[in-house]
2 protein chains.
Amino acid sequence: MTARNISQFWEWGRKIICVGRNYADHAKELKNAVPTEPVLFLKPPSAYVREGSPILMPAYTSELHHEVELGVVIGKGGTAISQSAAMGHVAGYALCLDMTARDIQDECKSKGLPWTLAKAFNTSCPVSEFIPRERIPDPGNVKLWLKVNDQLRQSGSTCQMIFSVPYLISYISDVITLEEGDVILTGTPKGVSAVQEHDELQAGIEDVVTMSFRVERRDQL
Amino acid sequence: MTARNISQFWEWGRKIICVGRNYADHAKELKNAVPTEPVLFLKPPSAYVREGSPILMPAYTSELHHEVELGVVIGKGGTAISQSAAMGHVAGYALCLDMTARDIQDECKSKGLPWTLAKAFNTSCPVSEFIPRERIPDPGNVKLWLKVNDQLRQSGSTCQMIFSVPYLISYISDVITLEEGDVILTGTPKGVSAVQEHDELQAGIEDVVTMSFRVERRDQL
Ligand SMILES: [Mg+2]
Ligand SMILES: [Mg+2]
Ligand SMILES: [Mg+2]
């Protein structure tokens, strides 16, 4: 096997593990209970999309929401990683969007069905460039923002997270072995809202990275 | 990138897409409605386990069920693959178990939560050797069986599937791009039941393959 470049984790990484309701103010805006343990769901690596390519709204949704999130890129895999060892498994970070077909998710929730169509479709995980860990000394104190057509919609800090990055790494790896190149999406602060065809999304981690994506309809392909 | 060997898809494949309730008799035994479109969920590649290693019951479940399923191994990736072209994307098959923490799944369903803890834990996807497509001329006419400690628990034919393999490839690839090495688990016939520590599971595709796995408790590690 040739050496893999962690700065292009999206080309070869094998999983994206997402945490739902990890900010109390976002759980409340969706009228969800604040969780007592992390809510986990998966996106496949085919969900990644990079700047320069559009976010494609699936034809089956009329309520596509943005969720801006800190992504944690795993450098060293492991099972049952302790919280105290967790940060040693982090290679770096990426700014990520957890694009969500909210109408479909609501339907899945009410029917007791998995969230796959709501969360795992192609382009449901826009990602920034790789951010080496040195550039974010404390993942528990990172300011995230997201604008739609230059209007600020989301602005929060990872200091508001219910479950910290080391806690999440430990909790997840106890059930699902983490591998190099895996990404954990750590949840979104409040302010999620629907986007429309031709909208321009801009998101950033303060002082670290910005990225922008255009929204298009999938049925134009 | 060095060439990847499809006969070891579990080492490098990037996703496992599972279809729920694809046999009417199994949907009924779990008191679920027979679906009008496929129910999809994901397992991560870290869920694979091969013969010689045990299935590990997570500590959080007291009702671990076996589901024997035909796995379809994708050879040629694609998006929005037509049903008529679908079989050209199949490299072969694998016999798979969709190990399910049924108590946790029931709880997730009633709370509207994703099925991750019920379906995606380590060793939740035991797989056989790779079966080249020539050995299964018609994936719609394959007999599957599963025994626990030599007692027959599941016996069915893929001719009972609600959605055929070509239909599933077309349906899934319209939403989630398929890549080489991906596996689709096509659902289970009736007869699912709970397994216990030290149980021996044997499963087979008639005239094609058999495999066996021992169940152990995760907390022995
Ligand atoms: Mg999210
Ligand atoms: Mg347009
Ligand atoms: Mg199943």
Can you flag which of A:Lys111/B:Lys119; B:Lys28/B:Lys76; B:Lys31/B:Lys147; B:Lys15/B:Lys109; A:Lys76/B:Lys119 are past 28 Å Cα-Cα?
B:Lys28/B:Lys76
Nearest-ten-degree value, helix B:102-111 long axis tilted from longest Cα axis of chain B:
80
A correct Karplus calculation of ³J(HN,Hα) over region A:20-27, with 6.51 cos²θ - 1.76 cosθ + 1.60, θ = phi - 60°, whole Hz and x for Gly and Pro, returns x, 6, 8, 10, 4, 5, 6, 4
Measure out, as a whole number of angstrom, how far apart the alpha-carbon centroids of region A:52-91 and region B:111-180 sit.
27
Taking the Cβ of B:Pro114 as the centre, find all other residues whose Cβ is under 15 Å away and add up their charges (Lys, Arg: +1; Asp, Glu: -1).
+4
In debye to the nearest 20, how big a dipole does the protein assembly as shown give about its Cα centre with +1 on each Lys and Arg Cβ and -1 on each Asp and Glu Cβ?
200
Suppose only helical runs count, i.e. DSSP H with n ≥ 4. What mean residue ellipticity at 222 nm does that imply for chain B under -39500 (n - 2.57) per run, divided by all residues and rounded to the nearest 500 deg cm²/dmol?
-3500 deg cm²/dmol
Placing the label point 7 Å from Cα along the Cα-to-Cβ direction, what are the distances from B:Ser193 to the equivalent spots in the other copies, shortest first, in nm to one decimal?
5.7
Given a 1.4 angstrom probe, I'd like the percentage of the accessible area of region A:6-220 that is carbon and sulfur, rounded to a whole number.
46
Report, in cubic angstrom per residue, the convex hull volume of the C-alpha atoms of the protein assembly as shown.
131
Cβ under 13 Å from B:Pro139's Cβ, B:Pro139 left aside: what net charge do those residues give with Lys, Arg +1 and Asp, Glu -1?
0
Assigned charges on the beta-carbon of Lys, Arg, Asp, Glu; region B:6-220 dipole about Cα centre (debye):
340
Of A:Trp145, A:Ser53, A:Pro114, which is farthest along the charge dipole of chain A in the positive direction, counting Lys and Arg as +1 and Asp and Glu as -1 at C-beta?
A:Pro114
Between B:Ala85, B:Ala101, B:Ala120, find the one with the highest GNM mean-square fluctuation for chain B; connect C-alpha pairs within less than 10 Å.
B:Ala85
What number comes out for accessible area per residue over the protein assembly as shown if the probe is 1.4 Å? Units Å², please.
38
Sum of side-chain charges, B:Asp207 neighbourhood, beta-carbon under 14 Å (Lys, Arg +1; Asp, Glu -1):
-1
With a 1.4 Å probe and ligands and nucleic acids left out, the total accessible area lost when A pairs with B, in Å² to the nearest 100, equals 3100
Assign unit charges at the C-beta atoms only (+1 for Lys and Arg, -1 for Asp and Glu), then state the dipole size of region B:42-130 relative to its Cα centre in Debye, rounded to the nearest 20.
300
Binned Cα-Cα distances of chain B, short to long, each 10 Å bin given as a whole percent
8, 36, 39, 15, 1
Label points 7 Å out from Cα along the Cβ direction at B:Arg4 and A:Ala85: separation in nm?
2.8
For chain A, whose charge dipole is built from +1 on Lys and Arg Cβ atoms and -1 on Asp and Glu Cβ atoms, the candidate among A:Ala27, A:Ala194, A:Ala80 with its Cα farthest towards the positive end is A:Ala80
Calculate the mean, over all residues of peptide A:167-177, of how many other protein chain Cβ atoms lie within 10 angstrom of the residue's Cβ.
3
Working note, region A:48-152: Cα radius of gyration (Å, one decimal) and Dmax (Å, whole number) are 16.2, 44
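The values are calculated or read from the model by the stated rules, or taken from the named source; none is laboratory data. This structure is a prediction, so every number in the text was calculated from the model and none was measured. Don't worry about glycine lacking a Cβ; one is built from the backbone with ideal geometry, like all the others, and counts go over all protein chains shown. SASA here: full protein model, heavy atoms, side chains in, ligands and nucleic acids out. Shrake-Rupley method; radii C 1.70, N 1.55, O 1.52, S 1.80 Å.
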